[in-house]
1. In this structure, does R148 turn out to be assigned to a helix (DSSP H, G or I), surrounded by 15 or more Cβ atoms within 10 Å (Cβ to Cβ), without any contact (Cβ under 8 Å) to a residue 12 or more places away in the chain and over 25 Å from the mean Cα position of the chain (by Cα)?
2. Against the condition more than 18 Å from L231 (Cβ to Cβ) and not in a helix (DSSP H, G or I), how does T189 come out, does it pass?
3. Which condition breaks for W59 when tested against (1) more than 26 Å from H294 (Cα to Cα); (2) touching an Asp or Glu at 6+ places or on another chain (Cβ under 9 Å)?
4. Just give me the residues in the range 192-219 being in a loop (DSSP other than H, G, I, E, B), in contact (Cβ under 8 Å) with a residue 60 or more places away in the chain and among the hydrophobic types (A, V, I, L, M, F, W, C), in sequence order.
5. Considering only residues that are polar (S, T, N, Q) and without any contact (Cβ under 8 Å) to a residue 40 or more places away in the chain, which ones fall in the range 156-175?
6. Do any residues in the range 31-56 that are closer than 23 Å to Q124 by Cα have Cβ atoms under 9 Å from those of residues that are outside any helix (DSSP H, G or I) and open to solvent by 50 Å² or more (accessible area, probe 1.4 Å), where the two are at least six apart or on different chains, and which pairs are they?
7. When only residues in the range 238-258 that are within 26 Å of K64 (Cα to Cα) and of a type in the set (G, A, S) count, which is surrounded by the most Cβ atoms within 10 Å (Cβ to Cβ)?
8. What about H264, is it surrounded by fewer than 17 Cβ atoms within 10 Å (Cβ to Cβ) and at negative phi?
Amino acid sequence: MKNLISYVVTKTRAINGTYHRFLGRHFPRFYALYTTFMKGIQMLWADGKKARRIKADMWKQNLKFHQLSYREMEHLRQFRRDITKCLFVGLVSIPPFANYLVFLLMYLFPRQLLVKHFWTPKQQIDFLDIYHGLRRRSHSAIVTHLRRASAFVSHEKLRWHLTDLCTKVQNGTHPTAHDILVLRDCFSTYPLGFSQLQASQMRALSQAMLLTPYLPPPLLRWRLKSHTTVLHQLDRALARLGVGQLTAQEVRSACYLRGLNPNHIADDRCRTWLGEWLHISCSLKEPELSLLLHNVVLLSTNYLETRR
């Protein structure tokens, strides 16, 4: 029986190899899509198993999300976003014959309907550039909102610092950590605290965070606060680990999540920028997290241009 099973497995692998060579030789474009899709399925399945193991450990050890290691926290955060997108596609595929249409749409619109596991290496770079271009569109509106809000800051010195910061960003200057942290009191209460943000501000900030801006203001406020809180927890875990412990890919992913597009920036400059971000983030308390949310724009807008 063991010899029979071994023979069947060997034959199956040989037939599968022949089939792959046939596809690669006669249908190279389809074969590239096929291999990308199959690898994506395997990676997504592996991510799911790892996420399940992390959740099981949390339950056994009675751990909260913020008590996990940085890599475990980041894995759970990213998997939640990926599986939400996959579940949406799965729900659309439920009606009879809809799956054929969904497969066609996934081929035509991979950026909108598929997660990064199913993107080719070139698509990963191109799509991240596109997404970054979309969030950059909101940067000028966010800085304009900050300048308008400065008129309502009661403390004269803070009002001057906020106006000066907006001028620096609009003029193409990369602000220092001190320029940003000196304003922490402005973002804990009116007019820039989470509870005081206007609907137009929250829509622009949602776009900068790659979140949908087409929600009622209470939901926008809740989503922004929730995502910023998770980001702050990730920053504290990363500070404990140390930026030097991250691989090059982990550094690039961390920078992209925080508003910087690392595709065209050297690794050492990405690490320098991430260190600046962590210094600011770890200096903030929970009531001041609105500043961390705005920091996605303030610290990233001119970083590449200033260092050229």
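The values are calculated or read from the model by the stated rules, or taken from the named source; none is laboratory data. From a predicted model like this one, the values you see are computed outputs, not experimental measurements. Neighbour counts run over all protein chains shown; Cβ positions are idealised from the backbone, glycine included. These area figures cover heavy atoms from the full protein model, side chains too; ligands, DNA and RNA do not enter into them. Shrake-Rupley method; radii C 1.70, N 1.55, O 1.52, S 1.80 Å.
1. Working: assigned to a helix (DSSP H, G or I): yes; surrounded by 15 or more Cβ atoms within 10 Å (Cβ to Cβ): no; without any contact (Cβ under 8 Å) to a residue 12 or more places away in the chain: yes; over 25 Å from the mean Cα position of the chain (by Cα): yes.
Considered against the rule, which asks whether it is assigned to a helix (DSSP H, G or I), surrounded by 15 or more Cβ atoms within 10 Å (Cβ to Cβ), without any contact (Cβ under 8 Å) to a residue 12 or more places away in the chain and over 25 Å from the mean Cα position of the chain (by Cα), R148 comes out as no.
2. Working: more than 18 Å from L231 (Cβ to Cβ): yes; not in a helix (DSSP H, G or I): yes.
Yes.
3. (2)
4. L192, L197, M209, L210
5. Hits for the range 156-175 are T163, T167, Q170, N171.
6. Close Cβ pairs (under 9 Å, with a partner that is outside any helix (DSSP H, G or I) and open to solvent by 50 Å² or more (accessible area, probe 1.4 Å)) amount to Y34/F27.
7. Applying the filter and picking the extreme gives A254.
8. Against the criterion (surrounded by fewer than 17 Cβ atoms within 10 Å (Cβ to Cβ) and at negative phi), H264 qualifies.
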